[in-house]
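Structure first, then comments.
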Amino acid sequence: ALDHELVAVPEPIADLTEAAARARVLEWNGEELPERTVLLTFDDGPHPGFTPAILDILKEQDVHAVFFHIGRNLGDVSRGVATPGHNQSIVSGLLLEGHAVGNHSFTHPVLPRLDSQNIAREIADTETLIEAMVPEGRGRTGGFRPPYGARDDKVLAQTDLHHLRSVVWNIDSEDWADPLPQSIAHRVVQEAEKAGRGIILMHDIHARTVEALPIAIRELKSRGFQFARWNGQKLVVDPVSGAGPPL
């Protein structure tokens with residue numbers, strides 16, 4: 001973890017360029033999944049009301065997901081020491097149900113606008129909380145989702161230097177902007193059909209997402225889509241195991 005009172009020593013430019021290049025090669029955007037396979041992902045939580053509601057739907061539908069958490073919703077970090085907050089029980093619950101967690105920065109800024117030191121702090125503080133709250137194993141994805149999908153060489157370099165993989169998406173529910181659950185679900189299904197496979201972006205901080213989710217899942221299933229999950233080492237097709245490159 002990064003100590004707030006220490007000044008980071010800048011990495012040589014060549015090293016940062018190489019790190020960014022590695023991150024670009026390793027980045028996931030949904031195209032890596034098998035045909036007719038989707039991975040559900042939720043950003044910006046955990047939320048004390050909507051995340052548990054989404055967990056209930058996923059359990060009922062027998063589908064798993066990856067939750068990219070914002071650090072300040074997990075707790076606090078002071079001088080490299082994590083203090084989990086009141087959402088710890090939600091994180092424990094989603095882990096017990098077989099879901100997994102990823103890093104979504106600490107405060108959800110537009111990371112390319114920051115310098116490398118502050119980008120590193122955004123990543124490292126959230127990772128410190130994840131390490132404190134998520135036991136080693138299937139619950140940790142090692143994935144980092146840059147807020148708004150905004151990443152440049154600085155962001156990608158820090159992702160690589162923190163031994164994380166950049167994970168974006170190619171199926172956008174636009175649930176943050178669309179107030180109509182039926183419209184959100186329709187968009188997810190249509191985008192999935194268009195792409196043929198992919199990573200679905202949703203947010204576990206909106207009531208409309210809770211309403212749209214079961215509609216989208218049922219329709220995707222009816223059209224023959226399979227759902228992937230993270231098993232601690234790689235993505236597999238749920239419920240039938242299927243090979244996928246490690247995330």
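Just a few scattered comments:
- Members of region 38-58 that are surrounded by 22 or more Cβ atoms within 10 Å (Cβ to Cβ) and either touching a Gly at 6+ places or on another chain (Cβ under 7 Å) or of a type in the set (S, T, Y) (or both): V38, T41, T51
- Exactly one residue out of R151, R113 is modelled with pLDDT of 95 or more, surrounded by fewer than 15 Cβ atoms within 10 Å (Cβ to Cβ), out of contact with any His (no Cβ under 9 Å at 6 or more places or on another chain) and of a type in the set (K, R), and it is R113.
- Condition check for R197: open to solvent by 40 Å² or more (accessible area, probe 1.4 Å) and farther than 30 Å from A19 by Cβ: no
- In region 119-139, of all residues being closer than 10 Å to V155 by Cα and over 15 Å from the mean Cα position of the chain (by Cα), the one that is surrounded by the most Cβ atoms within 10 Å (Cβ to Cβ) corresponds to I119.
- Tally of residues being open to solvent by 60 Å² or more (accessible area, probe 1.4 Å) and closer than 27 Å to L26 by Cα across region 170-189: 1
For (1) within 18 Å of the chain's Cα centre (by Cα); (2) part of a helix (DSSP H, G or I); (3) at negative phi, each residue gets a yes or a no:
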{"residue": "L156", "(1), (2), (3)": "yes, yes, yes"}
{"residue": "S166", "(1), (2), (3)": "yes, no, yes"}
{"residue": "D175", "(1), (2), (3)": "yes, no, yes"}
{"residue": "S183", "(1), (2), (3)": "no, yes, yes"}
{"residue": "E193", "(1), (2), (3)": "no, yes, yes"}
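The values are calculated or read from the model by the stated rules, or taken from the named source; none is laboratory data. All figures in this text were calculated on a predicted structure; none of them were measured in a lab. Glycine also receives a Cβ, built like all others from the backbone with ideal geometry; neighbour counts cover every protein chain displayed. These area figures cover heavy atoms from the full protein model, side chains too; ligands, DNA and RNA do not enter into them. Shrake-Rupley method; radii C 1.70, N 1.55, O 1.52, S 1.80 Å.
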